[in-house]
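Everything below concerns the one structure shown next.
The values are calculated or read from the model by the stated rules, or taken from the named source; none is laboratory data. For clarity, every value in this text was computed on a predicted model and none was experimentally measured. With ideal geometry, Cβ positions are generated from the backbone for all residues, glycine too; neighbour counts draw on all protein chains shown. Heads up: the accessible areas ignore ligands, DNA and RNA and are worked out on the full protein's heavy atoms, side chains in. Shrake-Rupley method; radii C 1.70, N 1.55, O 1.52, S 1.80 Å.
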Amino acid sequence: MIIQGLLNVVKFLINIIFGWIHLPAVPDQIVSIVDRVLLYVKSGLGLLWLFVPFELVKVMIPLVIAVVNFDKLYSFAVWVLKKIPMLGIE
């Protein structure tokens, strides 16, 4: 309940900040290309699940993304820790 209230406040603030921006509609050609790419991805995942269990894929994909982006995650974590004045990290 508290989290939902906080998310509603964030949504309200984002609507206030960006509410005046009106984006044009996406062309039909782009929508069809995105739909086709998503269809190919879903087909590829079905082929992957023939060889690797779905539960393993659900666990490993976030881990692979975290390992690939470790340098960015480390830089972000250090930046956050530098913002805390008690720790004194240089």
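Numbers at a glance
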| item | result |
| --- | --- |
| Boolean, Leu23 is part of a helix (DSSP H, G or I), open to solvent by 90 Å² or more (accessible area, probe 1.4 Å) and either among the hydrophobic types (A, V, I, L, M, F, W, C) or touching a residue at least 40 places away in the same chain (Cβ under 8 Å) (or both) | no |
| Total residues in segment 64-90, condition at pLDDT 85 or above and touching a helix residue (DSSP H, G or I) at 6+ places or on another chain (Cβ under 8 Å) | 2 |
